[in-house]
Amino acid sequence: QVQLAESGGGLVQAGGSLRLSCAASGRAFSTYAEAWFRQGPGKEREFVAALSWSEGITNYADSVKGRFTISRDSAKNTVYLQMNSLKPEDTAIYYCAAEHFGLGSRQPERYVHWGQGTQVTVSS
């Protein structure tokens, strides 16, 4: 069983940066794909970025490509989301998710394990 805990959210001005962390507990975390999703006010949950379990292949939503970077520190069982050039439309609750032997899917239903989320607010 894998448990996920996000941190690093907060309030930032447009153009600023934040780094979100997702700490995982449980065995064999290296065999999991990880992803970040977000849900803005009045919006459905949407895909942000993903990292496959084996080759570390990344996958990004068009809206964040070139601004956000997903990465993994296997020694710390932690996945990160570096967010640069933030925009007000990036305001959302950000969730990390994990799928055993996953390929980094954009579909939230593929992910069994979810964190509780961390709030990111970007002011204009």
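Observations on the structure shown:
- Overall, the accessible surface of the chain at a probe of 1.4 angstrom is composed of carbon and sulfur to the extent of 47 percent.
- For the stretch 7-57, the set of trypsin sites (Lys or Arg not before Pro) satisfying both a DSSP loop assignment and a count of at most 11 other C-beta atoms within 10 Å is given as ARG27, LYS43.
- Contour excess over end-to-end distance, with Cα ends at SER124 and ASN84 and 0.36 nm allotted per residue: 12.9 nm
- Dipole magnitude of the stretch 22-79 about its Cα centre (Cβ charges: Lys, Arg +1; Asp, Glu -1), debye to nearest 20: 140 debye
- Aspartates and glutamates whose Cα lies under 17 Å from that of LYS87, excluding same-chain neighbours fewer than 8 positions away: GLU46, ASP62
- The residues of the chain expose, per residue, 51 Å² of accessible area to a 1.4 Å probe.
- Of all DSSP bridge pairs formed entirely within the chain, close to 90 percent run antiparallel.
The values are calculated or read from the model by the stated rules, or taken from the named source; none is laboratory data. Note that the structure is a prediction, hence the values are computed from the model and not measured. Using ideal geometry, Cβ is built from the backbone for each residue, glycine included, and neighbour counts are taken over all protein chains shown. These accessible areas exclude ligands, DNA and RNA; they are computed on the full protein's heavy atoms, side chains included. Shrake-Rupley method; radii C 1.70, N 1.55, O 1.52, S 1.80 Å.
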